[in-house]
Amino acid sequence: MLAKTFAGILLGLPLCMAIVGLGAYLWPGSTESVLIPWLAGFFPLWTVVIAATYMFRTGVRAWAWLAIANVGAFAALFLAKHTLPGI
Amino acid sequence: MKSSTLRTFTTVHTWTGLLAGFALFIAFYAGAITMFHDPIDVWALPKAELADAQVMDKAGAMMADIVAKHPAARESIGVTYAAGHPSHEVSAYWMEKDGTWMTQAIDDAGAHDAEDHEHGLADFVYELHYDLGIPEIGIYLMGIVSVIYGLALLTGVLIHLPNLLRELFALRPGHNLKRLWQDAHNVIGILSLPFHIIFAVTGALLCLTLVALMAFNTVIFDGKLMSAFERMTSALPDTAAMTAAAPKSDGTVPMLAPAELGAIARKAAIAAGAANFEPDYMRYVHYGQPGAAAEVRGTSEKTLGEYGMVALDASTGRIINMQLTGARDANHATYSAIFGLHFGTFGSLSLRWLYFVLGLAGAFLFYSGNLLYIETRRKRRQAEQPMKVRAMATATVGVCLGTCFAISVMFIANHLAPYLGAEPTHVVQPVCFITFFAAIAWTFWRRPAKAAVDLLWATAVTSVAVGVLDIALHGERLSRTLAEGRYEVLGVDLVAMAMGAGFGWLAVATRRRAVAGDPCSVWAAKAPRARGSTTAVPEG
């Protein structure tokens, strides 16, 4: 329970930041024009991710899957930054 | 949902509620009262009502004087408008070179640190709402509390979902008090859910904006977010770029005064289709220099995000840009909506009343959550309850009822201070904290069952006294405001007395339970015969 809690808080945070960033970069048109709506979505998204983390069967699985999701999300963000106009 | 998942979410709901419940109780109780910040401010300082129109005319001279004495203010200096409120102060704000915010009000002889502000009654209640009165870190603490609160809401909905329709309007009074509390907790939680979602989201955003922006700036947006954020939330073009582009000079360009710029902005905003536009704040950028600009912020009705902005040339009054309802981009609309939703400013007086009632209902939600924790864990067949049940009962009574009592006492202290030779603004904060901690000490000493009755009665009496005292001491002011067609002073008196009656009713109900209720409870007034006794007592 505690392991899942910390996985959701500690790994959920960067994951949600990457997702929000990715959403803003991938948004059709100028990134800057939709940045505040995307940023406003960060806290609700993080809350949902923390709650969803409790659905993993064990704490180890939660840490592993969230770590993989983080790597994927930041890799995609890296790609988006280097191929799209950005802010 | 699997029963194990359901159990997990129930545990999460319990713990998030325990972690955040006390802070949220204070935030909701103080926040409900803050819906009437301006009436309370008028009520609190009977002598300080300003003749605002004349005051605003002096703002232009004050700004010129400040900029001459404080060169750092030239870059950016803001001033608040009285905007027709008798209690709004006209004050300038700017940042010195070392990063400290300075302020100077229209009647001040000189500038002072903006952090050293005095705690007026209404402002201090508002401060309790967003930082619990804890300086520096309180606001971040409340931001974290908002996130935990969001998690408590989400898990609360998930565990309630399977039985949502069947049990939504079930309110089962009877012998089983726990079920009645549970039903009340559920129905209030679900029916005011949209309201709570608004606060969980906007509360976290408002408290943690700075931290979140810095994190996103570094980790996601490669240092480009901060300057973009300024563009996204203001009507002015990039001020850093303006500084670079402006020709160097000694500052000889005459500036239009805040009152004039406000009037021009208002006219332009209404011409652009805003229902109205009441300037409440403006700032100059590059005061007195060629290319100097001004940004006037004003509130409009009939829109979700009430704040709009008009950017003007500060010396000619030419309109540079507008961000107003119906004519703004997604960023400005979202930013403005966050404030509108949180502060309940998108509607009329009836919306503020709705926020007030929902705020008190929210406080009840957290209080009842704690009671449910206690009822779930109490021993049904022994008078002496487990340590965790007693501790929770003590904390719940001390913190929650102590807050209500402390706030009422603070209102009394505000009115009595001048008669004891003290400034109300110096008195309210210490009185609030002393009363609060005294209430907690009282709860330890008397134990929660009796302390709850004591504190409820004390709150009832002081709340009624708030209204009575004001009428007795400032009856002349009351009749004057009523003659002018202003009802805010009477409103504060009447609401205080009505809340006093409410607390009195709660005191009667609590006493009845303490005397006649189940003796196997922390709420039974009779002290257990022997400490730690496990003597079986028949149930019922």
> Are there chymotrypsin sites (Phe, Trp or Tyr not before Pro) in the stretch B:364-393 that DSSP marks as loop and that have at most 10 other Cβ atoms within 10 Å, and which are they?
Replying inline: none
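With the contact rule set at Cα under 8 Å and sequence spacing of 6 or more, what percent relative contact order holds for the stretch B:303-411? Intermediate values should be presented prior to the final figure.
On the way: 78 pairs, mean separation 20.1, N = 109.
For the stretch B:303-411, the relative contact order is 18 percent.
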> So for B:Asp108, B:Asp98, what's the accessible-area order with a 1.4 Å probe, most first?
Replying inline: B:Asp98, B:Asp108
> If you find the alpha carbon centre of the stretch B:177-208 and of the stretch B:256-312, how far apart are they in angstrom?
Replying inline: 37
> For the pair A:Phe6 and A:Ala76, how long in nm is the line joining their label points, each one 7 Å along Cα→Cβ?
Replying inline: 2.8
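Note the full-extension length gain between B:Leu494 and B:Val515 as 0.36 nm times their separation in residues minus their Cα-Cα distance, in nm to one decimal. Walk me through the numbers on the way to the answer.
Working: separation 21, 0.36 × 21 = 7.56 nm, distance 3.17 nm.
Computed gain between B:Leu494 and B:Val515 is 4.4 nm.
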> If amide H atoms are built 1.01 Å from N in the plane of the peptide, which residues on other chains or at least 5 residues away come under 5 Å of the amide H of B:Glu306?
Replying inline: B:Gly340
>> Using a 1.4 Å probe on the protein heavy atoms only, what accessible surface does B:Trp442 show? Give it in Å² to the nearest 10.
In response: 100
> What accessible area, in Å² to the nearest ten, does a 1.4 Å probe give for A:Ser33?
Replying inline: 50
> How far apart, in nm, are the 7 Å Cα→Cβ label points at B:Thr5 and B:His175?
Replying inline: 3.8
> Under the definition of partner shielding as Cβ atoms of other protein chains within 10 Å of a residue Cβ, what is the mean value for peptide B:145-151?
Replying inline: 4
> How far, in nm, would the chain grow between B:Ile134 and B:Asp329 when pulled straight, counting 0.36 nm per residue and subtracting the alpha carbon separation?
Replying inline: 66.6 nm
> Which percent of the accessible area of chain B is formed by carbon and sulfur heavy atoms (probe 1.4 angstrom)?
Replying inline: 64
> Which of the helices in chain B, when you take each full DSSP H run, stretch at least 27 Å along the axis at their Cα atoms and have an average Kyte-Doolittle score of -0.5 or higher?
Replying inline: B:3-34, B:138-160, B:193-219, B:349-377, B:424-473, B:488-516
> Ignoring ligands and nucleic acids, what accessible area does B:Arg266 show with a 1.4 Å probe (Å², nearest 10)?
Replying inline: 90
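In Å² (nearest 100), what accessible area is buried between A and B, both sides summed, heavy protein atoms only, 1.4 Å probe?
Values: alone 5640 and 26240 Å², together 29190 Å².
Counting protein atoms only, the buried area is about 2700 Å².
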> Say each of B:Leu193 and B:Leu354 gets a label point 7 Å from the Cα, pointing the same way as Cα to Cβ; how far apart are those two points in nm?
Replying inline: 1.8
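The values are calculated or read from the model by the stated rules, or taken from the named source; none is laboratory data. Every value quoted in this text rests on a predicted model; they were computed, and no experiment measured them. When we count neighbours, we look across all protein chains shown, and the Cβ atoms used for this are built from the backbone with ideal geometry, even at glycine. Each accessible area value is taken on the protein alone, full model and side chains, heavy atoms only, with ligands, DNA and RNA left out. Shrake-Rupley method; radii C 1.70, N 1.55, O 1.52, S 1.80 Å.
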